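Undergrad: Starting off with a structure, shown below.
The values are calculated or read from the model by the stated rules, or taken from the named source; none is laboratory data. Only a predicted model underlies this, so the values are computations on that prediction, with no experimental measurement involved. Glycine also receives a Cβ, built like all others from the backbone with ideal geometry; neighbour counts cover every protein chain displayed. We work out accessible area using only protein heavy atoms, side chains counted, and drop any ligands, DNA or RNA first. Shrake-Rupley method; radii C 1.70, N 1.55, O 1.52, S 1.80 Å.
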Amino acid sequence: MSGHPMWIDTHCHLDAPEFATSLPTIIQAAAEKNVKAILLPAVKMADCAHIRELAHQYSQEIPGLVYTLGIHPLYTNQAQEGDIETLEKRIVESISDPRFVGVGEIGLDYFIEDLDPHKQEFFFNAQLDLAQKYQLPVILHVRRSQDAILKALRRRSIPSGIAHAFNGSFQQAEQFIELGFKLGFGGAATYERALQIRRLLKELPLDSMVTETDSPDIPPAWLRGEGIAFNEPAFLPRIAKELALVRGVSDAEFASAIWGNAMQVLPRWSALCAGIPQLLSLNLAS
Ligand SMILES: [Zn+2]
């Protein structure tokens, strides 16, 4: 078993237009690489039905395929206040769906300049309130906004979640961990010059991190050389193996720890996987 660890991609936008014509191939490639669980975060309300459909449509190939529902900060410009009401309706409808695992992708992006910060904050806070109301974990987009997001989390009781594509300081990392969050690492850490991210990966507790591709974004270092245009979930094992190398642990130990970490902060994901026999023998064997 330990020679074939099972991999988990905790952040993957399979509904992106880049995959529109190639999705069955993309999914098949990930399945062949032993990527057994993928989380699809929604980015806007119009996508909710499609995201849920995808999670069910490809559950044979990827047994641990799940989704979250939310409004991404980059989509708040086009969002309407009524979208919060719609989101609450979708959450209530989805509670009975075992593949629905939380609220996301939500957050604040202070890097992109043409986004209205007040509008972003309105949607972020309103979505955090929903996560608190239904006691659901959240998938966070944190860009130049670590402290503002930590402050908003501290004012509420959100059970847990993932700070995706984490790129903050050690102190900020520790605060997220204290609030019950795991930190997402992926392609960015495969660049040798990404010194800060690689130092976090090396020095933070192993039980604080999860792996992700953020497909089709954040291409790992080697893609440029190979002339590949965008990231995909089949690249997760190679990314994770590079992260394990930076961390200084074996692939099997890394895979097993990461799987457990993701399940810990997303209890509905854990419950789904616990009911799937082929996921049970899992990394536990090592
Ligand atoms: Zn994302």
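Undergrad: Need the failing condition index for Ile149 against (1) closer than 24 Å to Lys36 by Cβ; (2) under 17 Å from the mean Cα position of the chain (by Cα), just the number.
TA: Of the numbered conditions (1) closer than 24 Å to Lys36 by Cβ; (2) under 17 Å from the mean Cα position of the chain (by Cα), the odd one out for Ile149 is (1).
Undergrad: Report yes if Lys44 is at pLDDT 95 or above, among the basic types (Lys, Arg) and over 25 Å from Ile106 (Cα atoms), otherwise no. Steps first, please.
TA: Details: at pLDDT 95 or above: yes; among the basic types (Lys, Arg): yes; over 25 Å from Ile106 (Cα atoms): no.
So Lys44 does not fit the description; no.
Undergrad: Here are the criteria: (1) out of contact with any Leu (no Cβ under 6 Å at 6 or more places or on another chain); (2) under 20 Å from Pro41 (Cα atoms). Tell me which single one Asp147 does not satisfy.
TA: (2)
Undergrad: Among the residues of segment 47-58, write down those that are over 21 Å from Gly161 (Cα atoms) and away from the ligand (no atom under 16 Å from the Cβ).
TA: Within segment 47-58, the first condition is being over 21 Å from Gly161 (Cα atoms), and the residues that meet it are 47, 49-50, 53-54, 56-58.
Result: Ala49, Glu53, His56, Gln57, Tyr58.
Undergrad: Within segment 65-82, restricting attention to residues that are over 16 Å from Ala16 (Cα atoms) and of a type in the set (S, T, N, Q), which residue is farthest from the ligand (Cβ to nearest atom)?
TA: Gln80
Undergrad: Now for a different question. Check Phe100 against each of (1) open to solvent by 70 Å² or more (accessible area, probe 1.4 Å); (2) within 19 Å of Ala46 (Cβ to Cβ) and name the one condition it does not meet.
TA: Every listed condition holds for Phe100 apart from (1).
Undergrad: Okay, next question. Is it true that Thr25 is touching a residue at least 40 places away in the same chain (Cβ under 8 Å) and either within 16 Å of the ligand (Cβ to nearest atom) or open to solvent by 20 Å² or more (accessible area, probe 1.4 Å) (or both)?
TA: Numbers: touching a residue at least 40 places away in the same chain (Cβ under 8 Å): no; either within 16 Å of the ligand (Cβ to nearest atom) or open to solvent by 20 Å² or more (accessible area, probe 1.4 Å) (or both): yes.
No, not satisfied.
Undergrad: Within segment 139-186, which residues are within 15 Å of the ligand (Cβ to nearest atom) and aliphatic (A, V, I, L, M)?
TA: Within segment 139-186, Ile139, Leu140, Val142, Ile149, Ile162, Ala163, Ala165, Leu183 qualify.
Undergrad: So, in segment 199-218, how many residues would count as being open to solvent by 50 Å² or more (accessible area, probe 1.4 Å) and either under 21 Å from Ile149 (Cα atoms) or free of Cβ contacts under 8 Å to residues at least 60 places away in the same chain (or both)? Before the answer, list the steps.
TA: Quick first cut of segment 199-218, residues open to solvent by 50 Å² or more (accessible area, probe 1.4 Å) only: 199, 202-203, 205, 207, 217-218.
Of the ones still in play, those that are also either under 21 Å from Ile149 (Cα atoms) or free of Cβ contacts under 8 Å to residues at least 60 places away in the same chain (or both) are 199, 202-203, 205, 207, 218.
Residues flagged as open to solvent by 50 Å² or more (accessible area, probe 1.4 Å) and either under 21 Å from Ile149 (Cα atoms) or free of Cβ contacts under 8 Å to residues at least 60 places away in the same chain (or both) within segment 199-218 amount to 6.
Undergrad: How many of the residues making up segment 214-225 are touching a Cys at 6+ places or on another chain (Cβ under 8 Å) and part of a loop (DSSP other than H, G, I, E, B)? Full working, then the answer.
TA: As a first pass, look at segment 214-225 and keep what is touching a Cys at 6+ places or on another chain (Cβ under 8 Å): 214-215.
If we keep only those that are part of a loop (DSSP other than H, G, I, E, B) too, we end up with 214.
Total meeting the criteria: 1.
Undergrad: Go through segment 31-84 and give me each residue that's among the basic types (Lys, Arg) and crowded, with 24+ Cβ neighbours inside 10 Å.
TA: Result: Lys36, single match.
Undergrad: Condition check: over 20 Å from Leu40 (Cβ atoms) and either among the charged types (D, E, K, R) or open to solvent by less than 10 Å² (accessible area, probe 1.4 Å) (or both). Does Leu128 satisfy that? Talk me through it step by step, then tell me what you get.
TA: Details: over 20 Å from Leu40 (Cβ atoms): yes; either among the charged types (D, E, K, R) or open to solvent by less than 10 Å² (accessible area, probe 1.4 Å) (or both): yes.
Yes.
Undergrad: Criterion first (touching a residue at least 12 places away in the same chain (Cβ under 8 Å), away from the ligand (no atom under 16 Å from the Cβ) and open to solvent by 10 Å² or more (accessible area, probe 1.4 Å)) does His13 satisfy it?
TA: On the way: touching a residue at least 12 places away in the same chain (Cβ under 8 Å): yes; away from the ligand (no atom under 16 Å from the Cβ): no; open to solvent by 10 Å² or more (accessible area, probe 1.4 Å): yes.
So His13 does not fit the description; no.
Undergrad: May I pose another question? From the residues in segment 28-46 that are touching a residue at least 40 places away in the same chain (Cβ under 8 Å) and of a type in the set (Gly, Ala, Ser), which one is farthest from the ligand (Cβ to nearest atom)?
TA: Taking segment 28-46 as the starting set, the residues that turn out to be touching a residue at least 40 places away in the same chain (Cβ under 8 Å) are 29-30, 32-39, 41-43, 45.
Within this subset, residues satisfying the condition of being of a type in the set (Gly, Ala, Ser) are 29-30, 37, 42.
Numbers: Ala29: 20, Ala30: 17, Ala37: 17, Ala42: 10 Å.
Among them, the one singled out is Ala29.
Undergrad: Which members of segment 131-160 meet the condition of being hydroxyl-bearing (Ser, Thr, Tyr) and surrounded by fewer than 17 Cβ atoms within 10 Å (Cβ to Cβ)?
TA: Result: Tyr134, Ser157.
Undergrad: Within segment 226-268, can you find the residues that are surrounded by fewer than 20 Cβ atoms within 10 Å (Cβ to Cβ), aliphatic (A, V, I, L, M) and not in a helix (DSSP H, G or I)?
TA: Selection gives Ile228, Ala229, Val249.
Undergrad: Report, by residue number, each residue of segment 175-198 that is without any contact (Cβ under 8 Å) to a residue 24 or more places away in the chain and open to solvent by 30 Å² or more (accessible area, probe 1.4 Å).
TA: Listed by number, the residues that qualify are Glu178, Arg193, Leu195.
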